[in-house]
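Notes follow the structure.
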Amino acid sequence: MSNKAQFNYILDVVIALAFILSTLSGLVFMFAGSGGYQGGSNPNFRTEMLGIDRSTWSDLHALTSLVMVAGVFAHLVFHCF
């Protein structure tokens, strides 16, 4: 396998993993209730999902989404130039 093909394969795997993690964390937020804490008046708000704090889910979602966007950008640059 050439270096170019190997780089492309690794980049595609990184994009796929970031997509999966971003999607899963997004689904957690979709089913965990929305609207914020609201001083305790929102019965659907949960601070922990699957044993992980909501802020950790938010950080994971943001980070994996940024990795995915950067990977797609690198993929486009790699194939266009």
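The values are calculated or read from the model by the stated rules, or taken from the named source; none is laboratory data. A quick note: this is a predicted structure, and the numbers were derived from the prediction, not measured. Positions of Cβ are backbone-derived with ideal geometry, glycine not excepted, and every protein chain shown enters the neighbour counts. For accessibility, only protein heavy atoms count, side chains too; no ligands or nucleic acids. Shrake-Rupley method; radii C 1.70, N 1.55, O 1.52, S 1.80 Å.
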Quick tally, 1.4 Å probe accessible area for His79, His61, sorted with the most first, runs His79, His61
Ignoring ligands and nucleic acids, what accessible area does Val77 show with a 1.4 Å probe (Å², nearest 10)? 60
Contour minus Cα-Cα span, Leu24 to Leu66, at 0.36 nm per residue, comes to 13.6 nm
Whole-Å distance linking the alpha carbon centroid of segment 45-81 with that of segment 3-21 is 14
Probe 1.4 Å - accessible area at Thr64, Å² to nearest ten: 10
What residues qualify as long-range amide H neighbours of Met49, i.e. H under 5 Å apart, gap of 5 or more or another chain, H built at 1.01 Å from N? Arg54
Taking R0 as 41 Å, what FRET efficiency do you get between Ser2 and Thr47 from their Cβ-Cβ distance, rounded to the nearest 0.05? 0.25
Enter the accessible area of Ser58 (Å², nearest 10), with the probe set to 1.4 Å and all protein chains included. 60
Largest first, what is the accessible-area ranking of Leu66, Leu24 with a 1.4 Å probe? Leu66, Leu24
